[in-house]
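Handing you this structure, nothing more for now.
The values are calculated or read from the model by the stated rules, or taken from the named source; none is laboratory data. The structure displayed is predicted, hence computed values, not measured ones. Cβ placement follows ideal geometry from the backbone for every residue including glycine, while neighbour counts extend to all protein chains displayed. With ligands, DNA and RNA removed, areas are computed over all heavy atoms of the protein, side chains included. Shrake-Rupley method; radii C 1.70, N 1.55, O 1.52, S 1.80 Å.
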Amino acid sequence: MAYVSMGEAHRRITEYMNRFCDAVSYQDSSTLCRLLSFSSNSPPLLSLADALNVFQDASSLIRQSDKFSEHGEILAHLFRSLQSYRVGNLVEAYLAFEKFANAFVQEFRNWESAWALEALYVVCYEVRILAEKADKELTSNGKSPEKLKAAGSLLMKVFGVLAGKGPKRVGALYVTCQLFKTYFKLGTVNLCRSVIRSIETARIFDFEEFPRRDRVTYMYYTGRLEVFNENFLAADTKLSYALQYCNPNRERNIRMILKYLIPVKLSLGIIPKDELLRNYNLHEYIKVVQALKKGDLRLLRHALQEHEDRFLRSGVYLVLEKLELQVYQRLMKKIYIIQKQTDPARAHQLKLEVIAKTLRWLEMDMDLDEVECIMTILIYKNLVKGYLAHKSKVVVLSKQDPFPKLNGKPVGS
């Protein structure tokens, strides 16, 4: 930190308070946003923090002017938070920022128009980010992380302020998305339900009224929830919406959406192009797709093993594991095609022993009982049309469409 004289510190603090009060008086939301963006680490905010740590008694400056004292509670908490943030005391920074946020939300509630909505977004974003940093500090000191949970409660309070009638209601979706990010980080995604219910069932909301950015984020997170619940058709609808309306220049965001949309599409029998996977650096799915195309169960299992940590972190491992049934279907179809060429008269009769030999060639050692069990499941799930002749150990395939396509529907639907 460069040397700051007492006079310079006084000037910086006074200048900030003047800009803050003017921004409120003239309803200048963009300026207010810049004044509150802690995580941007902007030079003006850092220089203000240095000034506060030199002057130490900013509250006396607040009291000296009616202009400043009108927003005294907000400014005092904000300054304390910024001081702590600058010296790396993130827990204290969060606690002070939480008090500032509560005071700011109360002021926002009293303002009739929605002029400060973007500034409120900044406050919501900063409280979440600061809580995450504070929890990291607590964890590193061997203490229980609890600030992000507190931030979730604060965000829920803000949602309550916005989820009414009037122009402020368009901000509800942004706060909802911040809540989603909080709940997903905490592993308490079940808490998303009440917020989703408010957005999707309340008559005051017209979803298309919300900003596109917020609609995309909302559909991304609700799509992920549908993936976890294995509601693949709903997940496909929501994630496809997010992809369609996502800013095409935001490659990272597109990749995040595709990371969940691709397993969903695969579950519905829709295979993505290799070019798409390479363009968005989704190489972990390349072997999975190849396994589906080839009917190669060994390759699928190797792909899942190779990227197990990544798939588990994303929460899609079990979804991909269930693709085994489609791989079996593809393998049976290949056996059928080969048999049709070599023995057309018996093309529709697949011996379980032949299937077992094919699996052994793929290093999948199964006895006939296991093969019979798999074929029974494939028939039950409508991936194979036919019946099992148990005594003769033969699968008798239908002569019409023995391997039905999923056509965008989940297995077994």
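Could you give P(r) for the range 55-200, binned at 5 Å from zero, as whole percent values over all Cα-Cα pairs?
The calculated distribution, bin by bin, is 2, 10, 18, 19, 18, 15, 10, 5, 2, 1, 0.
Run the dipole for the range 324-397 about the Cα centre, Lys and Arg Cβ at +1, Asp and Glu Cβ at -1, nothing else charged, and hand back the magnitude in debye, nearest 20.
Values: 12 positive and 9 negative charges, 94 e Å.
About 440 debye.
Work out the length of the dipole vector of the chain about its Cα centre, built from +1 on the beta-carbon of each Lys and Arg and -1 on the beta-carbon of each Asp and Glu, and round it to the nearest 20 debye. Could the numbers behind the result be given before it?
Details: 60 positive and 46 negative charges, 314 e Å.
In debye, rounded to 20, the chain gives about 1500.
At 0.36 nm per residue, minus the direct Cα-Cα distance, what do Ile270 and Asp57 gain on full extension? Give it in nm, one decimal, please.
Details: separation 213, 0.36 × 213 = 76.68 nm, distance 6.42 nm.
Full-extension gain reported as 70.3 nm.
Please work out how much accessible surface Cys21 shows to a 1.4 Å probe, ignoring ligands, DNA and RNA, in Å² rounded to 10.
We get 0 Å² for Cys21.
Keeping all protein chains in place and using 1.4 angstrom, which order do Val371, Val161 fall into by accessible surface area, from largest down?
Numbers: Val371 0, Val161 30 Å².
The residues order as Val161, Val371, largest area first.
222 nm [θ] for the chain, helices only, -39500 (n - 2.57) per DSSP H run of 4+, per residue, to 500?
Details: 22 runs with 279 residues, N = 413.
Mean residue ellipticity, 222 nm, calculated: -21500 deg cm²/dmol.
Work out the charge dipole of the chain with +1 on the Cβ of Lys and Arg and -1 on the Cβ of Asp and Glu about the Cα centre, then indicate which of Leu292, Tyr245, Tyr220 is farthest towards its positive end.
Toward the positive end, the furthest listed residue is Leu292.
In the range 266-376, carbon and sulfur make up what percent of the accessible area (probe 1.4 Å)? Don't skip to the answer; put the middle values down first.
On the way: 2980 of 5990 Å².
Answer for the range 266-376 is 50 percent, counting heavy atoms of protein chains only.
Hey, what did the range 263-367 get for relative contact order, percent, Cα under 8 Å, at least 6 apart?
Once divided by the residue count of the range 263-367, the mean separation gives 24 percent.
Report the one residue of His348, Pro272, Tyr183 whose Cα lies farthest in the direction of the positive end of the charge dipole of the chain (charges on C-beta: Lys and Arg +1, Asp and Glu -1; origin at the Cα centre).
Of the candidates, His348 comes out farthest on the positive side.
List the DSSP H helices in the chain whose Cα atoms stretch 15 Å or more along the helix axis and whose mean Kyte-Doolittle hydropathy is at least 0.5.
Those that clear 15 Å and a mean of 0.5 are 43-55, 147-162, 172-186, 368-380.
If the cut-off is a Cα-Cα distance under 21 Å, which lysines reach Lys357, setting aside same-chain residues fewer than 8 apart in sequence?
Once the sequence-local lysines are set aside, what remains near Lys357 is Lys293, Lys294, Lys333, Lys334, Lys340, Lys391, Lys393.
Take every Cα pair under 8 Å in the chain that's 6+ residues apart, average their separations, divide by the length, and report that relative contact order as a whole percent. Mind showing how you got there, number by number?
Numbers: 491 pairs, mean separation 35.1, N = 413.
Over the chain, the number comes to 8 percent.
Could I ask something else about it? Excluding ligands, DNA and RNA, what is the solvent-accessible area per residue of the range 324-397 at a probe of 1.4 Å, expressed in Å²? Working shown, then result.
Details: 4290 Å² over 74 residues.
For the range 324-397, the per-residue accessible area is 58 Å².
What is the range 179-247 by shape, rounded, prolate or oblate, if you read a ≥ b ≥ c off the alpha carbon gyration tensor as root eigenvalues and call it rounded for a/c under 1.5, prolate for a/b larger than b/c, and oblate otherwise? Provide the component values of the computation, followed by the final result.
On the way: a/c = 1.45, a/b = 1.13, b/c = 1.28.
Rounded.
Moving on to the next point. Could you point to the residue in Gln326, Ser69, Phe232 farthest towards the positive end of the chain's charge dipole, with +1 and -1 charges on the Cβ of Lys/Arg and Asp/Glu respectively?
Checking the options against the dipole of the chain, the answer is Gln326.
Taking Cα extents along the principal axes in Å as the quantity of interest, determine which of [x] 100, 46, 35; [y] 74, 67, 32; [z] 105, 49, 43 was computed from the displayed structure.
[x]
I'd like to check one number: the per residue accessible area of the range 6-210, probe 1.4 Å, reported in Å² as a whole number. Let's see the in-between values first.
Working: 9450 Å² over 205 residues.
Here the residues of the range 6-210 average 46 Å² of exposed surface.
May I ask you to derive the FRET efficiency for Ser140 and Leu191 from their Cβ-Cβ distance with R0 = 25 Å, giving the value to the nearest 0.05? Write out the running numbers ahead of the final one.
Values: r = 26 Å, r/R0 = 1.05.
With R0 = 25 Å, the Cβ-Cβ based efficiency is 0.45.
Given bins 10 angstrom wide, list per bin the percent of all Cα-Cα distances in the range 113-265, short to long.
Final binned percentages: 11, 37, 36, 15, 1.
Let me have the relative contact order for the range 1-76, percent, based on Cα pairs under 8 Å that are six or more residues apart.
Working: 54 pairs, mean separation 30.4, N = 76.
40 percent.
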